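To start, the structure under review is shown below, and the notes come after it.
Just so it is clear, none of the values below were taken in a lab; they were calculated from the coordinates. As the structure is a computational prediction, the values presented were derived from the model and not from experiment. Cβ: placed from backbone, ideal geometry, glycine included. Neighbour counts: every protein chain shown.
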Amino acid sequence: MQIRFWNGKITKSIGIIGYGSFGAFLHILANRFAPEAGVCVYSPEKTPDGRLFRSLATTLRSDVIFLAVPISAYEPVLYQIKPHLTQATTIVDIATVKVYTSQIIRKILPSTRYLSIHPMFGPASYSRKGGDISGFRIAITDTNLGLNALQSMKDWVSGMGFKVVELTAQEHDKMLAETLFLTHYIGQILALGDFERTDIDTASFGYLMDAVDSVRHDAALFADVNKYNPYCAQVVERFDKSERAIKERYLK
């Protein structure tokens, strides 16, 4: 199935800016689900070699550009790419927070077409399921694309097998603080405490450690989400209050 983001125009090229774990994962997904589209990758840490990593100027000539950079890097990256974008460009924001990124895209790139989404899965869950994407959700929170272009994109995503969830950026960030961020919060605590699996693990402890393993190496993302999602502080306060209550009730 071909991607049509704008006025029915077929997307012939995809650019990825950033090549951390999720940028590399996006590359895998692009090759699998959009094999007809050429993929250009730019990463500040990688030297352009004409095969995988390209220059920023080359990557920015792509029809659709995915921003796979840390949330804290969004503002400088947007200012960096702004002079090189054309009217044919569509920016796709895939950050874990949505209020902040949507606001800053509208501020810095007011005339650029954009789509704000959050894939509610990652390379670890994709690998665990052997590439089976059934049940994986993609949240759409903001866009200035026309209705036809947006519907075409949703049809393409649904046709691949993903479930599309539409909600506001505020709704997304509040739910994310109470789910993914909370998982990261607990996971970082357990990782810091050196809690590990044993030879007599119960199934429930195994599930808990699966969650810890999925986030233990994402300290930078955890810090960014905490900084840029205003609902996280409330979740931490609720969790800490509940922890104190449990200690007072049962661990006297």
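Here Ser134, Ser152 are placed in order of increasing Cβ neighbour count within 10 Å, fewest first, which gives Ser134, Ser152.
Under a 5 Å amide H cut-off, with hydrogens placed 1.01 Å from N, Ile16 pairs with Cys40, Val41, Tyr42, Phe66 among residues at least 5 apart or on other chains. log10 I(q)/I(0), Debye, Cα-only region 4-167, no solvent, q = 0.09, 0.19, 0.21 Å⁻¹? Results for region 4-167 at q = 0.09, 0.19, 0.21 Å⁻¹ read -0.27, -1.39, -1.75. Only helices reaching 24 angstrom along their own axis (Cα) with mean Kyte-Doolittle hydropathy no lower than 0.5 count here, and not one DSSP H run of the chain does. One Cα centroid belongs to region 117-179, the other to region 210-252; the line between them spans 24 Å.
Gyration tensor over the Cα atoms of region 13-108: the corresponding equivalent ellipsoid has semi-axes (square roots of 5 times the eigenvalues, largest first) of 20, 15, 13 Å.
In this label model, Ile189 and Ala223 are separated by 2.1 nm, measuring between points 7 Å along each Cα→Cβ vector. When the alpha carbon gyration tensor of region 32-80 is reduced to an equivalent ellipsoid, the three semi-axes, largest first, read 19, 14, 10 Å. Between the amide H of Arg197 and any residue lying 5 or more places away or on another chain, no distance stays under 5 Å, with hydrogens modeled in the peptide plane. Spread over its residues, the convex hull of the C-alpha atoms of region 179-250 is 102 Å³ per residue.
Label zone of Asp213 (point 7 Å out along Cα→Cβ, amide N under 14 Å): in region 116-144 this covers 124-130. In the structure shown, the pairs Lys82/Lys174; Lys98/Lys163; Lys12/Lys174; Lys46/Lys163; Lys154/Lys174 are assessed against 28 Å; a Cα-Cα span above that value is assigned to Lys82/Lys174; Lys12/Lys174; Lys46/Lys163.
Result for the chain in a Gaussian network model with C-alpha springs under 10 Å: among Ser43, Ser204, Ser55, the largest mean-square fluctuation is at Ser204. Extension gain, Ile108 to Tyr79: 0.36 nm times the residue separation minus the Cα-Cα distance gives 9.8 nm.
Per-residue Cβ neighbour counts within 10 Å put Asp194, Asp224 in the sequence Asp194, Asp224, beginning with the fewest.
Sorted from greatest to least, the principal axis extents spanned by the alpha carbons of region 94-160 come out as 40, 26, 13 Å.
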